[in-house]
C-alpha cells in the first residue's frame, strides 16, 4: 500500500544516544502530529501520533511475516530502543493524514483484484461516495505492481498518492482525474478496503515501567473469530469434480409450522448452497476465484438489490458464512442471492482455462442437488419454485 512519509523533522537518530520515551514525551508536550519510524536489524516499526497523542503503532519483520499493532507494537519499539543499533526518523504530518494512515492498519479487504476490464472506476468511486465509504483503494498494474492509492473519508476522495521510482508522491487535486484516467487506460486491478473503526491506542496514566516511560492502552475489542467452515462438499460425483465425497442424508429443516418464516430461516439454506458451491469451484479452478466473482456480482446487482450492496454493510459472505442485518423479505433475499450466484457462474466461464469451461455447468448440477436436499425448507418458505427457476 502506497503511503508517503510526511515532512522530515529528524532523521538518522541513533538509539545509542536517543531516548525514544523522552522523545515521545517531548512530542506530546508540543502537540506534534506525524510518525516516528524505528529500524533495527530484522525488525522495524512505526508510531503514529496525532496532536501529541499516540493513536497506534505497528512492528513488523521483512515481508510482514510477523506483524503486531497497538500496545504490543509500541511496547516492543520501546524495548528495542534500549539497544544501540537502531535508527529513528521523525516525520511531520497533519492529524487527518495520520488518521488515514492508522486506518490502513485497521482495514478490512472488501474487494480484491477487481479488473478495470469489467469494473468502471468512475462508477465505483461514485458508489463509494453514495455509501459514504471510509477506507482506501489500491491501484495496481495487471502485474500487481503498485501504481497508487486513493483515500476516502465519508465517501469523498481526500488524498491520492502515486508511485514512482523515487517513492510515493501526492497527486494534486487538479490532476487526480487525469491520473485515474491514465490508470484505467493502461488496465489496472483494484483492491478496496474499509476502515474497521477500531479505537486508537492512547497513553495511559498507569505507573511507568523501569524500561520506558510511555505506556498505551489497547481499547479496541478484537473481532470475533470467523465461523467454522461448512462441512465437506456434497454431490461432487454429480458435479464431475475429483476429490473425497461424503455421503449425506437429506437436511432436516427447522420446524416452522404453517408460517412461511423470515429471512433468518432462509439464510442457513442459502449459506449451505453458497459454501458448498464455493468449495467445488475452488477445487475445480483455484482458491479465491469464486469469492472474487461473487463479490463482483454483488456490485453489479446492487442497484436491483441494494441490501446486497457490499458498501452498504448489510450483507456479507466470507469463510463460508452469511452475515445479514438488513430488512429484505425472504423472497427478495433468496432471489437476490440466487441471481448473484447465477451471474457468478457466468463470470467463472470467462475466468476458467479452456480445458475447464464445463465447471459452471457442473456447479449448476450441484446447486440443483442441493436445492433438492433443501426442498422441504424452501417449500415451507415459499421460495422453492423461485430458486429452481433461476438455475434452469
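Looking at 331, 362, 318, can you tell me which residue is under 24 Å from the mean Cα position of the chain (by Cα) and either free of Cβ contacts under 8 Å to residues at least 60 places away in the same chain or assigned by TED's automatic domain parsing to the domain that holds residue 288 (or both)?
Numbers: 331 fails: under 24 Å from the mean Cα position of the chain (by Cα); 362 fails: under 24 Å from the mean Cα position of the chain (by Cα).
Of the residues listed, the single one that is under 24 Å from the mean Cα position of the chain (by Cα) and either free of Cβ contacts under 8 Å to residues at least 60 places away in the same chain or assigned by TED's automatic domain parsing to the domain that holds residue 288 (or both) is 318.
A residue that is surrounded by 13 or more Cβ atoms within 10 Å (Cβ to Cβ) and under 25 Å from residue 47 (Cβ atoms) occurs nowhere in segment 176-185.
On inspection, residue 324 passes the criterion of being more than 22 Å from residue 392 (Cα to Cα), touching a strand residue (DSSP E or B) at 6+ places or on another chain (Cβ under 9 Å), surrounded by 17 or more Cβ atoms within 10 Å (Cβ to Cβ) and at pLDDT 85 or above. Whether any residue in segment 279-301 is at pLDDT below 85, in a helix (DSSP H, G or I) and closer than 17 Å to residue 334 by Cβ is what I want to check. Checking segment 279-301: not a single residue is at pLDDT below 85, in a helix (DSSP H, G or I) and closer than 17 Å to residue 334 by Cβ.
Among the residues of segment 15-29, those identified as loosely packed, with under 14 Cβ neighbours inside 10 Å and within 37 Å of the chain's Cα centre (by Cα) are 22, 26, 29. Candidates 39, 29, 59, 73: the one that is touching a helix residue (DSSP H, G or I) at 6+ places or on another chain (Cβ under 7 Å) and either assigned by TED's automatic domain parsing to the domain that holds residue 312 or without any contact (Cβ under 8 Å) to a residue 60 or more places away in the chain (or both) is 59. Scanning segment 311-321 for residues that are in a loop (DSSP other than H, G, I, E, B) and crowded, with 20+ Cβ neighbours inside 10 Å gives a single hit, 311.
Looking across 372, 349, one residue alone is touching a helix residue (DSSP H, G or I) at 6+ places or on another chain (Cβ under 6 Å), part of a helix (DSSP H, G or I) and surrounded by fewer than 17 Cβ atoms within 10 Å (Cβ to Cβ). It is 349.
Exactly one residue among 139, 125 is outside any loop (DSSP other than H, G, I, E, B) and in contact with a helix residue (DSSP H, G or I) (Cβ under 6 Å, 6 or more places away or on another chain), and that residue is 139. Looking at segment 214-222, is at least one residue surrounded by fewer than 18 Cβ atoms within 10 Å (Cβ to Cβ), assigned to a loop (DSSP other than H, G, I, E, B), at pLDDT below 85 and touching a strand residue (DSSP E or B) at 6+ places or on another chain (Cβ under 8 Å)? Yes, the conditions are met somewhere in segment 214-222. Taking the listed residues 114, 109, the one that is under 25 Å from residue 56 (Cα atoms), touching a strand residue (DSSP E or B) at 6+ places or on another chain (Cβ under 8 Å) and either in a strand (DSSP E or B) or touching a residue at least 24 places away in the same chain (Cβ under 8 Å) (or both) is 109, with no other qualifying.
The values are calculated or read from the model by the stated rules, or taken from the named source; none is laboratory data. Because the structure is a prediction, the values reported are computed rather than measured. Cβ atoms come from the backbone with ideal geometry, glycine included; neighbour counts cover every protein chain shown.
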